[in-house]
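Here's the structure, in structure tokens; my notes come after.
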Amino acid sequence: MISDDLHVLYFGKRIYCREGGKALKEAVTLRGLQQYIKQTDHHPDRKHHYFYKLIEETGELSEVLRKNRRLKDTGTIKGTIEEELYDVLYYVAALANVYDIDLEQCFALKEEINKRKWKKE
């Protein structure tokens with residue numbers, strides 16, 4: 001999912017992305033990421049494709065984890081843990097969009113369950 005015309009700018013802890021003229025102008029949130037992906041890659045009839053890509057990217061993540069390839073060490077995102085984590089996150093968000101699931105809402109609901117289960121404050 002990383003292309004040559006994708007530019008990521010880091011300002012403190014905020015990340016701004018620009019790809020082919022479309023820009024995410026604010027710090028990326030789960031909801032913002034979902035909206036961005038929905039605008040650029042939303043094909044409900046291809047839900048199985050998104051799932052297969054998620055599995056593929058998870059395998060690629062496993063490989064770079066084993067090799068411990070990091071952006072900070074290589075100077076490029078290509079072939080790194082960072083790239084593959086992005087790809088996995090991308091396809092999770094794409095699948096959530098296909099099923100009209102708000103990941104921020106899921107996070108909040110599941111976090112409440114986890115707090116009780118693991119006795120977190």
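None of the figures in this text is laboratory data; all of them are computed from the coordinates on show. Because the structure is a prediction, the values reported are computed rather than measured. Note that we place each Cβ from the backbone using ideal geometry, even for glycine, and neighbour counts take in every protein chain shown.
At q = 0.15, 0.21, 0.28, 0.32 Å⁻¹ the log10 of I(q)/I(0) for region 77-121 amounts to -0.57, -0.78, -0.88, -0.98, computed by Debye summation with a single uniform scatterer per C-alpha, solvent ignored. Between THR76 and ASP41, take the C-beta separation as r, use R0 = 22 Å, and let me know the FRET efficiency to the nearest 0.05. Computed FRET efficiency for THR76 and ASP41: 0.40. Which of the pairs LYS53/LYS119; LYS47/LYS110; LYS47/LYS72; LYS78/LYS120; LYS47/LYS78 have their Cα atoms more than 32 Å apart in this structure? Table pairs above 32 Å Cα-Cα are LYS53/LYS119; LYS47/LYS72; LYS78/LYS120. Spacing of the modelled spin labels on LYS110 and ALA27, each 7 Å from Cα toward Cβ, amounts to 2.2 nm.
Here each label is just a point 7 Å from Cα along the line to Cβ, and for ILE55 and ASN68 those points are 3.1 nm apart.
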